[in-house]
1. If the label point is 7 Å along Cα→Cβ of D40, which residues in the range 256-289 have backbone nitrogen under 15 Å from it?
2. If you bin the C-alpha pair distances of the range 265-386 every 10 Å from 0, what whole percents do you get?
3. Using only Cα atoms, figure out Rg for the range 311-369 and give it as a multiple of 2.2 N^0.38 Å.
4. Only Cα pairs under 8 Å and at least 6 apart count here; give the relative contact order of the range 75-165 as a rounded whole percent.
5. Could you compute how much accessible surface R203 exposes when probed at 1.4 Å, giving the result in Å² to the nearest 10?
6. Apply 1/(1 + (r/R0)^6) to the Cβ-Cβ distance of L436 and N385, taking R0 = 30 Å, and write down the FRET efficiency to the nearest 0.05.
7. Take the alpha carbon atoms of the range 412-468, find their center, do the same for the range 285-346, and report the distance between the two centers in whole angstrom.
8. Kindly give the semi-axes, whole Å and largest first, of the ellipsoid equivalent to the range 214-336, taking each as the square root of 5 times a Cα gyration tensor eigenvalue.
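The values are calculated or read from the model by the stated rules, or taken from the named source; none is laboratory data. Note that the structure is a prediction, hence the values are computed from the model and not measured. Positions of Cβ are generated from backbone atoms using ideal geometry, with glycine treated the same way; all protein chains shown enter the neighbour counts. Surface accessibility is based on the protein's heavy atoms, side chains included, excluding ligands, DNA and RNA. Shrake-Rupley method; radii C 1.70, N 1.55, O 1.52, S 1.80 Å.
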Amino acid sequence: MKRIFLLLLFLYCLSAKAEKWEHYPTYSTFVTYMQQTAKDHSDICRLDTIGTSINKRLILCLKISSEPNSNLNKPKFFYSAAIHGNELTGSVMLLRLIDSLINNPELITTSNLPDIYICPFANPDGTWYGGNDNIKSAIRYNANYVDLNRNFPDIRSNNNSDGELQQKETTAFIEYQNKERFNISCNIHTGSEVFNYPWDTYRSNQKTHADKIWFDSLGENFVKHLQNDYSNYFTDVNNNGVVNGGDWYVIYGSRQDWSTYFAHCREITLEISMDYMPKESLLNDYWYRLKNSLFTFFDYCNIGFQGIVTDSITNQPINDVMISIENHDTESSQVYTNNNGYYFRPILNGTYSVTFSKDGYHSKTMEISIGDILTENNVELSPINTSLNETLSPQIQIYPIPAQNIINVQSNQNLRYEIFDLNARIADKGVINPPLTTIDIQNLPLGSYIIKTYNDKQEIITRKIIKQ
């Protein structure tokens, strides 16, 4: 796996500004910082108001991206902390993470980072329960004394199971998630030290997520990259620091389970300190322990496959197409395209049979091979109700890209193809027969090529392919 966090860490260490969060902020300090950061770094930052609390405090989220005001076709990652208002170690860690990113803007504009969303205080009424100027009276709950991490719709029923009305803050997070369509997310807590993954609602002998192996891999890498001079860190729940939520203890209505089940995201709960609010003198120490591992999530936004699904007739993107992996996905683990027709499916290395489907379109199944980098797979779906002329229009898919030994070409017509190297020399040519033709490229040197396909009348499609 190619890792970016070491580069990030190296550049971070060059920036003294990232060390300034040595105290828990007042509410006004936090709001001013978020607003000023978005203003001063408007080329890479956008400030979102997720909503307001019961007491009208702002729930703020900073988006960090090469194009912060655009909805790019790339993975989205969401960090948040302090959904329990008195669990504040994560809040300071996220403020420091913001600093480490904005002080190295070249990483945002030139690297393969996902679009990053950071919400340091998810429950401001709980954090500043005793007033805006200090956190000494911080409480777990919101202003209505409701535990927000038990207030999301229960995945067993889609109803709140905590006996409380859905809180204003809960509704705001649900609406924000549904709008932004995050792919991977992490909610940071304190009170223990463990990497906790879905399901909170079930013990593993009752039900496991289809991507359990992926969650385990992410957790193992997160723990592995903690500073290893703290031998007992992340060992209070179990020795390896990674746990299926329900195996630790069962809860209902967690944001982790709601986000994973209903929003088709992959959310993790991190518990990062035994003390809810460690002494301020220890905040530097916790950053030193965690700063490597906090970047691990970004690495996992670069493993799997992604692409855009379009209508084969209009070439327009199709939203809410379901992407399902055969003999792997179970209830709710599928992913869906967003309004751009874009999808990202995080998954570990392997070859998978993947079906793209939506009502009103013919489903399409293809084999997709995943390596150490994010694989591109754009897909066209044919509308069911089309005229004969439309149905006979050329339709072609080429995958995987990048490839190792073979290229698969799906086509509804007999075609010819030519593969050119970057000096415009023909490296291979042949014919394509429907529905599937496999082209052997194992003898081609490593590098980039262009494949062109033709019928008797015209050039049909040109694609860049990569032999790796």
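1. Counting only backbone N, you get no residues.
2. In whole percents, the pair-distance histogram is 12, 35, 24, 14, 11, 4, 0.
3. 1.13
4. Relative CO of the range 75-165 lands at 31 percent.
5. For R203, solvent-accessible area is about 120 Å².
6. 0.75
7. So the two Cα centres are separated by 28 Å.
8. So the equivalent ellipsoid measures 35, 17, 14 Å along its semi-axes.
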